[in-house]
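The values are calculated or read from the model by the stated rules, or taken from the named source; none is laboratory data. For clarity, every value in this text was computed on a predicted model and none was experimentally measured. Note that we place each Cβ from the backbone using ideal geometry, even for glycine, and neighbour counts take in every protein chain shown. Just so you know, the surface numbers come from the protein's heavy atoms only, side chains and all, with ligands and any DNA or RNA stripped out. Shrake-Rupley method; radii C 1.70, N 1.55, O 1.52, S 1.80 Å.
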Amino acid sequence: MAEVTVENSITPDQKGNVLSRFVWTYVFATDHKVIGLQFLFSSLIWFFVGGFLALAVRWQLAWPWSDMPIFGHMLFAESGGQMSPGFYNMLFTMHATIMIFFVIIPILAGAFGNYLIPLMVGAEDMAFPRLNMMSYWFMWPAFVCIILSFFMPEYGAAAGWTSYPPLSVFQGDAQSLWLLAMVFVGISSMMGSINYLTTIIQMRAPGMTMFRMPMTVWGMFITAIMQAFALPVLTAALLMQLSDRLLMTGFFLPENIAVNNGVATSGGGQVLLWQHLFWFYSHPAVYIMILPAMGMVSDIISCFSRKPLFGYRPMVYSITAIAGLGFIVWGHHMFISGMNHTLAMSFMVSTMLIALPSGIKVFNWIGTLWGGKLQLTTPMLFCVGFVSMFVIGGLSGIVMSAPPVDIVIHDTYYIVAHLHYVLFASSVLGVLGAIYFWFPKMFGRMMNEKLGKIHFFLTFVFLNGTFFPMHFLSRMPRRVADPYIYEGLKDLLPLNQFMTICAIGMGLTQLIFVANFFGSMFFGAKAGRNPWNANTLEWTTVSPPPHGNFDVQPVVRRGPYEYSHPSTECDFFPQTETS
Amino acid sequence: MNRFWSVLFLLVPILGIATVLMAMYGVAPLESAWLPKSLSEAGDTIDQLFNGIHLLSAFILAGTVFTIGWALWRFSDRGDSNEKALYVTHNTKLEIAWTVIPALILIFLAFFQMKSWAENKMDRPTVTVDGVTDFKPPMVMVKAKRFGWEFYYAGDDGVVETEDDIFVENLLVLPAGEEIVLQMESRDVIHSFYVPELRLKQDIVPGMTQFVWFNAREEKEIEIMCTELCGWGHYMMKAKLDFVSRAQFDAWIEEQKSAYSPEFKNAAELSALLRDSNKSFAAKFSNDARPQLKLKIN
């Protein structure tokens, strides 16, 4: 054990009544596992809210201005149930905001980071348990702001998740709430990342060298570094925009523009400044949303291939390279923004370079599969799905990194296709795989395999049906409430209807997951300590692990991927086992 | 069941590449799905890059995902042998190969496309008059506003933003077969000028001036789209772009000059815009639009 000991003065009040016990266990929880589950549950709830918003967007694109089912008559009684164009803008803005800031980042860093880091490095808890508690608490003001913003006259922020000024500065009050929510989410992530870094550096079990850490921990480690360095910039930018809105500071407003019959601005600001600051965070955020998933997928693929991860060190180096390059590619979001056109060349080169470490990772995953003894369990299928979908998302990334090609496809549905292949078809498939994989550790019961496989199959088919045709809509601008107002886009209606039907199918498929998740929590088969015969430390303790995690201090003797080692009888070789 | 999953993964590159090729070479039902026919030489170059990188991507997609599908077919554990998996941790030669080869391809791509980018965005056309070379003056000044386009043609003096500018709204008529330079500014928020047929897109940022140039080879009527979210009416911010012969263009400009009358007809223009959108409820947002200088609507 490292020299840092965890002092945990907040303990559950054992003698209190049910309410006080609930409050002490779940509200004032300092146990990293409880906080991880809190993040998991709130993210999953928001996942469904974000999904509903996406379906409403798809509805409008397939059957524009027709009555919106269910909510149409509640919100738009005077127009007979059809949504307004401003409402449509709110839908895609809030869909992206919720999915990025309330679902993918919290579920990867918050839920799996919290749950797995101490268990995988052999620590009894995080380095700063109370800071950890605060990091979840700070999600709640963000939740409150966003929920409140839905009740504003314009139904929520509607300037896009990128919130480009001057438009965002002249939006209604929902935009201020949106900005505040983002500040709170940022503070939460910041606290989390400091905690992860300290825990990983200081609290590794004896024998757990950096290069014996599982890829999951490496993914979380690099992600935490990215968050720690990129988030302050976003927070500063958010506060600048907030003061532009409330204090008329004009950081982002040039001279003499007038919106909504308002007075002309006095100026002095730069519109492009926001875009630089925003993307300086938000491009690293793209990697924050995929590196932890890549780490978890590496562990799961190695486990079910019963074979060491191919090229462990190159995998670590490539994650590090992605993170490093991730800080100098933000300009590829701005090729046609009016930014210096010569500068675009350098951003193009760094963007192309980032394809290299990503490619190395894909090749190494295939190398891990090759010659293995593959067990196609549900988590494995999701992870193989992750790899094959990441190939598509990565390749379309190379297409759009070419600035001349980007002239055509920038701000069109091609971009929407790309980002959903990376964020949904890769990150979310990885997250679902991870849930199926670590569920037995979290709840002590197995998830149903048959339902899991049906869930995978339908999700995989429907997601390709929804997102692949978007590549062909590279002349259809995104964020347009009624694309068919353009003569040249009228013929795209049937394709959009097909995609919407697939999206509805994908949404319904997730109900299978909900049923499986809650059903298995109570009725699933009991899982032992190590149901998958995996090597890493979390599988040496009981499921679910108690407060303090390990009954004996684990001592690490080897790397995490010694599957099918020639010198052992069975095909796995836990990290703690004496040879 | 293992075979079923490997077939599922094998279907990804098969269907993916088949549909991409169908869209690229115009096979039904995706014959018109991808980009519309290019109207300019610069657009042709972009198309070649677009198709070339897609073909390369298709090749890589096939290679990687076929390997995944085949690995699932070949190496699945069917419980019929007690042999353990291969114990292989790395292979330095293989890893160097799959780092260096993609690196070379990417470096080639990076340098190969620079020329096209420079032609489209950096080498602004010039003219030489009396031995002095200067930028070619813009033919039209584009002012983007929520939610429409204002076009100011340089009048007889050949300079935009002067007294004799000819103003037209939401209609841009230009001569085909000539190199044309547009100057663009925004009145309020960020807009983006997108003409898919010309492979042309440029954000119009308030407080900055942008120039675009192009040379359409055919006479054709197409559309200008706004591709940067600019508010509730973003979707209806369109304009007509009509490429005509030089003679027709000159006649049209003369007609516009005589039609010039400095009247304010914002209400009529607005209602036309709203009729165009064909959405009755849009009326309730009409306070959002500023009174506009309106001269002629086609």
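Numbers below:
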item: Relative contact order of chain B, pairs being alpha-carbon contacts under 8 Å that are 6 or more residues apart, as %; result: 16
item: Inter-probe distance in nm under a simple model that places probes 7 Å from Cα toward Cβ, at B:Met1 and B:Gln48; result: 5.3
item: Segment A:51-90-segment B:1-66 distance, computed between alpha-carbon centres (Å); result: 33
item: Approximate shape of segment A:178-252 as ellipsoid semi-axes (Cα gyration tensor, √5λ), whole Å, largest first; result: 36, 9, 8
item: B:Asn82/A:Lys450 FRET efficiency (R0 25 Å; Cβ-Cβ; nearest 0.05); result: 0.40
item: FRET efficiency, 1/(1 + (r/R0)^6) with R0 45 Å, evaluated for B:Val127 and A:Thr209 via beta carbons; result: 0.10
item: Test item: A:477-488 mean partner chain Cβ contacts at 10 Å; result: 6
item: Cα-Cα pairs of chain A separated by more than 42 Å (percent); result: 21
item: Cα gyration tensor category, rounded, prolate or oblate, for chain B with a/c compared to 1.5; result: prolate
item: Principal-axis tilt of helix B:246-259 within chain B, Cα atoms, nearest 10 degrees; result: 50
item: Cut-off 11 Å, label 7 Å out along Cα→Cβ of B:His90, residues of segment A:293-322 by amide N; result: A:310-318
item: Pair B:Asp134, A:Ser567: separation of 7 Å Cα→Cβ label points (nm); result: 8.2
item: Projected label distance in nm at B:Phe108 and B:Ala247, using a 7 Å step from Cα toward the beta-carbon; result: 4.9
item: Rg to Rh, two decimals, where segment A:507-579 supplies the alpha carbon set and Rh follows Kirkwood; result: 1.11
item: Tilt relative to chain B, helix B:41-75 - C-alpha long axis, 0 to 90 degrees, to 10; result: 20
item: Bridge type composition, the protein assembly as shown - antiparallel percent by DSSP, nearest 5; result: 75
item: Global geometry of segment B:89-130, whether rounded, prolate or oblate, following the gyration tensor of its Cα atoms and the 1.5 cut on a/c; result: prolate
item: Angle in degrees between helix B:266-277 and the longest Cα principal axis of chain B, rounded to the nearest 10; result: 30
item: Pairwise centroid distance, computed over Cα atoms, of segment A:143-181 with segment A:349-363, Å; result: 36
item: Span-like helix ranges in chain A, DSSP H, alpha carbon extent 30 angstrom or more, Kyte mean at least 1.0; result: A:32-62, A:174-202, A:215-247, A:341-369, A:378-401, A:493-523
item: Residue mean of other protein chain beta carbons inside 10 Å, A:347-358; result: 3
item: Overall Cα dimensions of segment B:50-177, principal axis frame, Å, largest first; result: 89, 40, 25
item: Cα gyration tensor of segment A:233-360 - equivalent ellipsoid semi-axes, whole Å, descending; result: 41, 17, 10
item: 26 Å Cα-Cα threshold exceeded, pairs from A:Lys361/B:Lys93; B:Lys37/B:Lys257; B:Lys115/B:Lys238; B:Lys37/B:Lys145; result: B:Lys37/B:Lys257; B:Lys115/B:Lys238; B:Lys37/B:Lys145
item: Over segment A:397-552: Kirkwood hydrodynamic radius from C-alpha pairwise inverse distances, Å; result: 18.4
item: Per-residue average of Cβ from other chains inside 10 Å of A:84-92; result: 4
item: Within chain A, longest stretch free of exposed trypsin sites (Lys or Arg not before Pro) [DSSP loop, at most 15 other beta carbons within 10 Å]; result: A:16-528
item: Heavy-atom accessible surface that B and A bury in contact, both chains counted, 1.4 Å, Å² to 100; result: 9300
item: Listed peptides B:160-167, A:493-500, A:37-44, B:189-196 by packing density, highest first (mean Cβ within 10 Å); result: B:189-196, A:37-44, A:493-500, B:160-167
